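> Submitted below is the structure of interest, expressed as structure tokens.
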Amino acid sequence: MPADDAQRFLWDIRGAMHECTYSRTRPRAGYSHDRKWMRRYDRGRWSMADGASSTRATILAVAVILAAGCAAYVNSLWGVFVFDDIRMIVDSAQVRDPWSTLTLDPTARPVTMFTLALNYAVDGLDPTGYHAVNIAIHLGAGMVLFGIIRRTLCTAPMRDRFASHATVLATLIAVLWVVHPIQTQSVTYIIQRGEALMGLCYLLVLYCVIRAADTRHHAAMAWQLAGIAAFIVGMGAKQVIVTAPVVVLLYDRTFLARSFAGALRGRWLILNGITALAVTLAVLSLIATAEAGGGVGYGLQDRSPLDYPLAQPVVIWQYLHLIAWPYPQCLDYMMQPVRSYTTLALAHSALVVLLVLIGWAVVRRRPIGFAGAWFFLILAPTSSIVPILDLKVEHRLYLSLAAPLAVALLVLHRAARGRVAVVTVVAGAAAVAFTCLTVLRNFDYYSIERIWTQCLTVAPHNWRAREALAQELSREGEHDAAIREFDRVLDLVPLHAPSYRNRAAALIAAGHLERAEADATHAARLNPSAPGPHVLLGVIALQRRAADEAEAHFHEALRLDPDDLLTHRQLAVLLFNQQRFGEAARHLRIVCTRNPRDADMANRYGAALANLGELDAAIAQFRRALALQPDHPDARRNLDMAMRERDELR
């Protein structure tokens, strides 16, 4: 028997021993006399069908993943908007118009913003619906990850050791990935939907490549086109998907075609398609960044360009520590540049050794090499040499997390000599522990005060967290406590204009007008182009009954920023109270258009229109105010009066 035929025969025997099933769309390798099929098998085209589990086992696995994910995240439904959620959702005019989110600028993350706008159209500012969508995206990604791992364990390089337990191992890895506490920042933190959505699309691209390798002719072409479509959606979710072409090519070479030439020949459509799209994404991102005038390292004016790349090896080892021991967590680490030469030397040396080992494994087409490449390539856009404002953020681990979890579980499987019961018990215990930590972490998102208090226990130097806590205390009416927190913030950053502005707002609420005026004036001096301090000076003037002075401050704020919604609101109220209804109506129209869920402004707008004799328009505004707030104290009375007056005129 020729050597090649003997090798194929041995593969068939091993497949039978592992109870692997073969695709019905091809003849079994080793028994076909068709050399064309033989060559396709040699390229690894059909290896993915081996070890595919039964439909019943797959359904059970999916049910386990969904149940575990729901158990871990069901309590996140009651979380509130925190941190960037306020700026990007609550105070954003963009989410109020879904079509305004669609743009060719990838830095605007149009797909992510479009989904948030759809949430707003359905749920308004009720966070429950937003959380439900985030959970659904995450669970979808977990199921796709299960499919990828299950089929990967049945490829030629993996089937001998893992094919017989592929479904169980893939289920355990997917469950650990879904319930791991590090994922809360991509799931429970609403605005990080972009990370989870990108992750889902990234996984779909790879899954489509795997399915294309397991089919032929039109079906293979359809899977490749589906992968390209998933990549396009991912481009609009987050730019990290730009690394997908490299990861897909390495996967194909490692597990499917076993060579770069075979991968490019077998899956040429999707590899060329997503590569062209990735280049386009990179170019569009650079153009958008240049037009914005911020450069890549925005917000880094007080930091050396080398601080970011020098710190990343330290950050990566901290990430690995968080994966193994995910406690305590922090929403905003605000990590400072690393200045210890010893720490830098150790972290860089260890990372270089690790990367050399991974590179050697990749060259030798070892599966563990691909796992290492997966981890570092997905982290590369945010944890390499490209400077970004935050040195360390948990949500960057969303997709990378899959690699160390898979390696750990497969090493455990080998250490247990294939005893899947032992692996299941250990992984199950870890999954229970992770789920408990995830549930506890979700509770931190139940209030803004709670999330920032917890953050400060981990990063007490974080002035952003302290300022956010102070603002929340002020909103809750604890003005004296808020002022004390603002004092601590300004001790850390004495030239930060927004902190002076925010402390001025708290001082106004507490009745300390002299100190508030001094802070607002100082904020205006530190940042002359900001409208906020002038708005506060106008509010102070109103409390002193200096209406003309207040109006001058409001007009100055509008000169600096004609679109500032708060200024339009304050000026509208001032003009309305002075019975200058025509001028007030112009500002009220802007406020009601950009914030259509403000019942009080809708009622005021209706009253201004009624005083101008525009009764039909006024009635429409009163009805809108009542639809938003049925128990509004003035809207019902104003509506009745306007309708009676209209009837009298008729």
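> How much length is gained on full extension from R419 to E476, taking 0.36 nm per residue of separation minus their Cα-Cα distance?
Difference between extended and current length: 14.9 nm.
> Let me ask something additional. Would you mind computing, in nm to one decimal, how far apart the modelled labels at L225 and Q578 are, each placed 7 Å from Cα along Cα→Cβ?
Each label point is offset 7 Å from its Cα along the Cβ direction, giving 6.4 nm.
> Let me ask another. Determine the gain in length on full extension of the stretch I59-A509; use 0.36 nm per residue of separation and subtract their C-alpha separation, reporting nm with one decimal.
156.2 nm
> Which of the following values of Kirkwood radius over Cα pairs in Å was calculated from the structure shown: (1) 27.3; (2) 25.7; (3) 28.0?
Derived directly from the coordinates: (3).
> So, R0 is 30 Å and r is the distance between the beta-carbons of R646 and A93; what FRET efficiency does that work out to, to 0.05?
0.40
> Measure nothing fancy, just the Cα-based angle from helix 193-213's long axis to the longest principal axis of the chain, in degrees from 0 to 90, nearest 10.
Relative to the chain, helix 193-213 is tipped by roughly 20 degrees.
> Between A136 and Q543, what's the calculated FRET efficiency when r is the beta-carbon distance and R0 is 56 Å? Round to 0.05.
It comes out at approximately 0.70.
> Right, here's the next one. Within region 365-434, report the chymotrypsin sites (Phe, Trp or Tyr not before Pro) that DSSP leaves as loop and that have at most 12 other Cβ atoms within 10 Å.
Working: sites: F370, W374, F375, F376, Y398, F434; in loops: Y398.
Answer by residue number: there is no such site.
> Additional query: Sorted by accessible area (1.4 Å probe), largest first, how do W223, W452 line up?
W223, W452
> Rounded to a whole number, what is D in µm²/s for region 164-229 from Stokes-Einstein with the Kirkwood radius over alpha-carbon pairs (10 °C, 1.306 mPa s)?
Numbers: Rh = 13.8 Å.
Approximately 115 µm²/s, per Stokes-Einstein.
> Cα atoms only, region 376-456: Rg and Dmax in Å?
Considering region 376-456 through its Cα atoms, Rg and Dmax are 17.3, 49 Å.
> Run the simple label-point estimate for L306 and E614 please: 7 Å along Cα→C-beta, distance reported in nm.
6.2
> If you don't mind, another one. What figure, in Å² to the nearest 10, do you get for the accessible area of L526 with a 1.4 Å probe and non-protein molecules left out?
Here the accessible area works out near 70 Å².
> Another one. Determine the equivalent ellipsoid of region 317-432 by diagonalising the alpha-carbon gyration tensor, then write out the semi-axes as square roots of 5 times the eigenvalues, largest first, rounded to whole Å.
In descending order the semi-axes read 28, 19, 13 Å.
> How big is D for region 415-559, in µm² s⁻¹ as a whole number, if Stokes-Einstein is applied with the Kirkwood radius of its Cα pairs at 10 °C and 1.306 mPa s?
89
> Can you bin every Cα-Cα distance in region 511-648 into 10 Å intervals starting at zero and give me the percent of pairs per bin, rounded to whole numbers?
In order of increasing distance, the bins hold 13, 36, 29, 17, 5, 0 percent.
> Something else: What whole-number value in cubic angstrom gives the convex hull volume per residue for the C-alpha atoms of region 155-270?
Expressed per residue, the convex hull around the Cα atoms of region 155-270 is 110 Å³.
> Relative to the longest principal axis of the chain, what angle (0 to 90°, nearest 10) does the C-alpha long axis of helix 402-415 take?
40
> A further question on this structure: Give the span of region 197-352's Cα atoms along each principal axis, as three whole-Å numbers ordered largest to smallest.
Answer, in whole Å and largest first: 57, 39, 29 Å.
> Sorted by accessible area (1.4 Å probe), largest first, how do H138, H165 line up? Please report the intermediate quantities before stating the final value.
Values: H138 0, H165 50 Å².
Ranked list, largest accessible area first: H165, H138.
> Work out from phi, with θ = phi - 60° and the Karplus expression 6.51 cos²θ - 1.76 cosθ + 1.60, the ³J(HN,Hα) of each residue of region 260-268, listed in order in whole Hz, and give x for Gly and Pro.
5, 4, x, 5, 5, 6, x, 10, 5
> Once the Cβ-Cβ distance between D491 and V363 is put in as r, and R0 is 56 Å, what FRET efficiency do you end up with, to the nearest 0.05? Please list the in-between numbers first.
Numbers: r = 53 Å, r/R0 = 0.95.
So, using R0 = 56 Å, E works out to roughly 0.55.
> Rounded to the nearest whole Å², what accessible area per residue is found for the chain with the 1.4 Å probe? It would help to have the intermediate numbers written out before the result.
On the way: 29200 Å² over 650 residues.
With all protein chains present, the chain gives 45 Å² per residue.
> I'd like the orientation of helix 547-560 relative to the chain: the angle between its Cα long axis and the longest Cα principal axis, in ° from 0 to 90, rounded to 10.
30
> OK, next. Explain nothing, just compute: Karplus ³J(HN,Hα) = 6.51 cos²θ - 1.76 cosθ + 1.60, θ = phi - 60°, for every residue of region 432-442 in order, whole Hz, x for Gly and Pro.
5, 4, 4, 4, 4, 5, 5, 4, 5, 5, 4
> If you don't mind, there's one more thing I want to ask. Percent of accessible area on the chain owned by carbon and sulfur, 1.4 Å probe?
Looking at the chain in its full context, I get 62 percent from C and S.
> Read phi for every residue in region 423-431 and hand back ³J(HN,Hα) as whole Hz from Karplus 6.51 cos²θ - 1.76 cosθ + 1.60, θ = phi - 60°, with x for Gly and Pro.
4, 5, 5, 5, 5, x, 5, 5, 5
> At 0.36 nm per residue, minus the direct Cα-Cα distance, what do Y341 and L269 gain on full extension? Give it in nm, one decimal, please. Let's see the in-between values first.
Working: separation 72, 0.36 × 72 = 25.92 nm, distance 4.78 nm.
So the chain would gain 21.1 nm between Y341 and L269.
> A further question follows. For region 359-459, which trypsin sites (Lys or Arg not before Pro) are in a loop by DSSP, counting at most 16 other Cβ atoms within 10 Å?
Sparse-neighbourhood loop trypsin sites (Lys or Arg not before Pro): R364, R365, R417, R419.
> Please report, for the Cα atoms of region 544-618, the Rg to one decimal and the Dmax as a whole number; what are they, in angstrom?
12.1, 37
> While we're here: Please state the shape class of region 215-270: rounded when a/c is under 1.5, otherwise prolate if a/b exceeds b/c and oblate if not, all from the C-alpha gyration tensor.
Judged from the Cα gyration tensor, region 215-270 comes out oblate (a/c at least 1.5, b/c at or above a/b).
> What number, rounded to the nearest 500 deg cm²/dmol, is the helix-based mean residue ellipticity at 222 nm of the chain, given -39500 (n - 2.57) per DSSP H run of at least four residues and division by all its residues? Don't jump to the answer; show the numbers that get you there.
On the way: 30 runs with 440 residues, N = 650.
Calculated at 222 nm, the ellipticity per residue is -22000 deg cm²/dmol.
> Suppose the Debye formula is applied to equal point scatterers at every Cα of region 514-576; what is log10 I(q)/I(0) at q = 0.12, 0.15, 0.22 Å⁻¹?
-0.24, -0.38, -0.81
The values are calculated or read from the model by the stated rules, or taken from the named source; none is laboratory data. This is a predicted model, so every value here is computed, not measured. With ideal geometry, Cβ positions are generated from the backbone for all residues, glycine too; neighbour counts draw on all protein chains shown. Please note that ligands, DNA and RNA were not included when accessible areas were found on the heavy atoms of the full protein model with its side chains. Shrake-Rupley method; radii C 1.70, N 1.55, O 1.52, S 1.80 Å.
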